[in-house]
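The values are calculated or read from the model by the stated rules, or taken from the named source; none is laboratory data. Owing to the predicted nature of the structure, the values given are computational and were not obtained by experimental measurement. Every residue, glycine among them, receives a Cβ derived from its backbone with ideal geometry; neighbour counts consider all protein chains shown. Just the protein is used for accessible areas: all its heavy atoms, side chains included, with ligands, DNA and RNA removed. Shrake-Rupley method; radii C 1.70, N 1.55, O 1.52, S 1.80 Å.
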Amino acid sequence: MVSGSKQTAAKNILNKDLADIKGIGPAYLKRLNKLGLKTVGDLLRYFPFRYQDFSENKKIADLVLGETANVEATIEKIKTNHIWARKLSITEATIADETGSLKAVWYNQPYLEKNLPVGALVSLAGKVTQNKKAKNKLFLSNPAYEIISLTGESRSFNSKHTQGLIPVYSETRGLTSRALRYFIKPIIDEYANTLVDGLPEEILKTYKLYPLGRAFKEIHFPTSIDTAERARKRFTFEEVFLTQIHLLQLRAKFQTLKAPKIKADVDLVKQFLEKLPFQLTRSQKEALWQIMQDMETGRPMNRLLEGDVGSGKTLVALLSSLLVTRQGWQVTVMAPTAILAKQHFQTFTKFLDGFPGKVCLLTANESLLSDDGLIGSVPKPLLIKKICNGEPMIIIGTHALIQKKVKPTKLGLVVIDEQHRFGTEQRKTLGSNIAVTGGQKIWPHLLSMTATPIPRTLSLAIYGNIDISILKEMPADRKPITTKVILPYQQAAIYDFVRSEAKLGHQTFVICPRIEPPIIEGDANLPQNARKNLLAYGEWLEQDVKSVKQEYETFSQDIWPDLRVGMLHGKMKVQEKDEAMLKMMRGDLDVLVATSVIEIGIDVPHATIMIIEGAELFGLAQLHQFRGRVGRRDIQSYCYLFAKDSAKTVSARLKIMEKNNDGFSLAEKDLLLRGPGDFLGHKQSGIPDLIMNALKNTELIEAAQKEAKKILASDPTLKIHPNLLTRYEEFKSKVHLE
Ligand code: ADP
Ligand code: MG
């Protein structure tokens, strides 16, 4: 154990402002701050993403071509040559130890001539390379360097850059790994042994985790790759553990709030189901049952309904809404677009036909009310007044409108459709619309829905405060969609097929990665995934990426002049977009050429073909979402992934789509192949690296969850664990989870 005075000193050091650290000047301070690093603790938690292996210490005579090694040697000569025409400078040094001599060469670092004076004893590390002209001559190319002594005398020194495993950090302009090592090493050397650990001792022992100081040392300057990994495991555990504490506390707080007690009216449900032309799937029944149980408790429900596209989430929401309005409360159903809101309104009124009650639609351009099944247009102010008066009804609209204009005073349930489309902050405010009844705050129940399957590990790690219901199976009448990767020479046949389907009254979507033709690097119109691929493949600029406008011309004039072709993209006016989409829904178009805006859950029952151009540019989960736009009836549907050529990795990825119709397993694959941003949507991908790291380790997540529960059970406010509390407070101020 550390002594009391040391504890305070150590606490101070982690909280200490970097401005107060010797050796960090104002210029560097600015760059560090830009990375979000304000305190010593922040800096120490800026972990390297890999290590350079300079652990091989060698004598010059023993160096072997191609190896990466470290030598200690004296500078015998050093000189810089400038090749002005090529804006190049070459600094060449001759170094020697007792076994021989060797050249070292640096490019564009002319200052080294001064920094590494003749006579100095230096430690160099780098790749042993062969001289192109004189093949028997080896040299070190751009080696990392450190001075041991200027006078040339040998002494023990504390290497930061050239010996052992050297940390490599993600760098920004003007802040190199070398600089970061320079700042971090002395802090670790001086304070590592005195740091106060937030993690309780028993936990460290049980899971064989390094204590904080050792972990910092080993993650930055590891003894071996194994110790570095153990250090990382400790921090991952810590991150997951703190996240779990946070989520559990949120949950506990939620449990103290009051919500309407909605009786599980089984008779009403039966009555509804008798009129339904089909059977609910088993999962739909289970989800509904869970929701009914949640809402009966009188504490606010916070449930996420996850189900693949077409699995029938709307119906579950509809039944839940029916229960709530029937008991005198209001329901808001929020959709990300006006079209989708309208579609929900139609679905709700259709299925609720014969059931007394009110359903209304509120979008920018429309305000409709269905009163006991009689649908009519109602002036918006009047409708809003009814809502503010607390009249029980189901209010369907876009989230934007409902949030801004409408204050339901008797809100019992909030349904958020396509929740992954909303930012985290937005969702927070959506759920915070509170009804005040008799001076007591009553919180609405919250049901979010998403077609984005969240892998189990991820939901364990970051959604611990939310209950999840999953619709596992598809309605029985669905035919699996036939998916095929199409190479350029096969496209013509597909175009013909589109025509023959159109003759049967079947429609086609064509998705293009871009709106407009010019390809400009960093263009904001690129889909998120494409931008990622830009980095990943680098060759994206050479690809001829299809744009909606261009393809619309080609299709409507050259390929399908006889068909009715429409266009839809994010730059069109809202009305134009609605118009195009409604035409498609009514069957007034045979083909709709669109960007990924189509992704959102629109139901076009007669669409049977989904063509995705530049399919390589999208993530698997997103491709699956597109595919979900077809196959909504019992008619056979098709998804064609247009690939540029048969570039191996790309087509292998797309081939997964051919065999796999299950959104869940695709999301898991995406997670492993490309990271979480792709399937969560970019708004949500602010997941800390360490959590990302944890996703591959279910056991660790489960252990951290178990320990968090255990601690909170005996010490709900963490009073008995002051060090943990301090760390938790700090964590909370930095991490923005729900
Ligand atoms: P999503 O989960 O993608 O939102 P929807 O709720 O829009 O799916 O449902 C897709 C279609 O399936 C709708 O036309 C809906 O009426 C229908 N549907 C829902 N449940 C069933 C079921 N159990 N059996 C048959 N069809 C169903
Ligand atoms: Mg839906």
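Here are some notes:
- Within region 323-340, being more than 13 Å from ligand 1 (Cβ to nearest atom) and open to solvent by less than 10 Å² (accessible area, probe 1.4 Å) holds for L323, V324, Q330, V331, T332, M334.
- Residue satisfying all of: in region 264-317; basic (K, R) and in contact with a Phe, Trp or Tyr (Cβ under 9 Å, 6 or more places away or on another chain); farthest from ligand 1 (Cβ to nearest atom) among these: R299
- Residue in region 562-603 that is nearest to the chain's Cα centre (by Cα), counting only those that are among the charged types (D, E, K, R) and not in a loop (DSSP other than H, G, I, E, B): E599
- Evaluation of I609 against (1) in a loop (DSSP other than H, G, I, E, B); (2) aliphatic (A, V, I, L, M); (3) under 30 Å from E668 (Cα atoms) (one fails), failing number: (1)
- Within region 698-738, being of a type in the set (S, T, Y) and surrounded by fewer than 18 Cβ atoms within 10 Å (Cβ to Cβ) holds for T698, S714, T717, T726, S733.
- I245 over 18 Å from N15 (Cα atoms), surrounded by 16 or more Cβ atoms within 10 Å (Cβ to Cβ), aliphatic (A, V, I, L, M) and in contact with a Pro (Cβ under 9 Å, 6 or more places away or on another chain): no
- The residue of region 458-474 that is nearest to ligand 2 (Cβ to nearest atom), among those that are within 26 Å of E658 (Cβ to Cβ) and open to solvent by less than 30 Å² (accessible area, probe 1.4 Å), is L471.
- Failed criterion for R564 (all others in (1) in contact (Cβ under 8 Å) with a residue 40 or more places away in the chain; (2) touching a strand residue (DSSP E or B) at 6+ places or on another chain (Cβ under 9 Å); (3) more than 16 Å from ligand 1 (Cβ to nearest atom) hold): (1)
- Hits in region 341-376 - residues which are surrounded by fewer than 23 Cβ atoms within 10 Å (Cβ to Cβ), among the small types (G, A, S) and within 16 Å of ligand 1 (Cβ to nearest atom): none
- Conditions (1) out of contact with any Lys or Arg (no Cβ under 9 Å at 6 or more places or on another chain); (2) more than 16 Å from ligand 1 (Cβ to nearest atom); (3) not aromatic (F, W, Y); number of the one not met by T227: (1)
- Selection of region 152-190 for residues being of a type in the set (K, R) and under 21 Å from P117 (Cβ atoms) yields R155, K160, R178.
- Breaking point among (1) open to solvent by 60 Å² or more (accessible area, probe 1.4 Å); (2) charged (D, E, K, R); (3) modelled with pLDDT of 90 or more, for K683: (3)
- Of the residues making up region 273-296, those that are touching a residue at least 40 places away in the same chain (Cβ under 8 Å), over 24 Å from K410 (Cα atoms) and surrounded by 15 or more Cβ atoms within 10 Å (Cβ to Cβ) are T281, S283, Q284, E286, A287.
- Criterion: open to solvent by 20 Å² or more (accessible area, probe 1.4 Å), away from ligand 2 (no atom under 16 Å from the Cβ) and out of contact with any Leu (no Cβ under 6 Å at 6 or more places or on another chain) - qualifying residue of M610, M567: M567
- Scan of region 154-177 for residues that are closer than 20 Å to T39 by Cβ and open to solvent by 10 Å² or more (accessible area, probe 1.4 Å), ordered by number: S170, T172
- Matching residues, region 204-216, being part of a helix (DSSP H, G or I) and surrounded by fewer than 22 Cβ atoms within 10 Å (Cβ to Cβ): L204, K205, T206, G213, R214
- Residue in region 326-340 that is more than 16 Å from ligand 2 (Cβ to nearest atom), in contact (Cβ under 8 Å) with a residue 40 or more places away in the chain, assigned to a helix (DSSP H, G or I) and of a type in the set (V, I, T) present: no
- Out of L180, L116, L102, sole residue that is farther than 27 Å from S224 by Cα, touching a helix residue (DSSP H, G or I) at 6+ places or on another chain (Cβ under 9 Å) and surrounded by 14 or more Cβ atoms within 10 Å (Cβ to Cβ): L102
- Region 342-376 - residue that is over 15 Å from D578 (Cβ atoms) and in a loop (DSSP other than H, G, I, E, B) and, of those, modelled with the lowest pLDDT: G373
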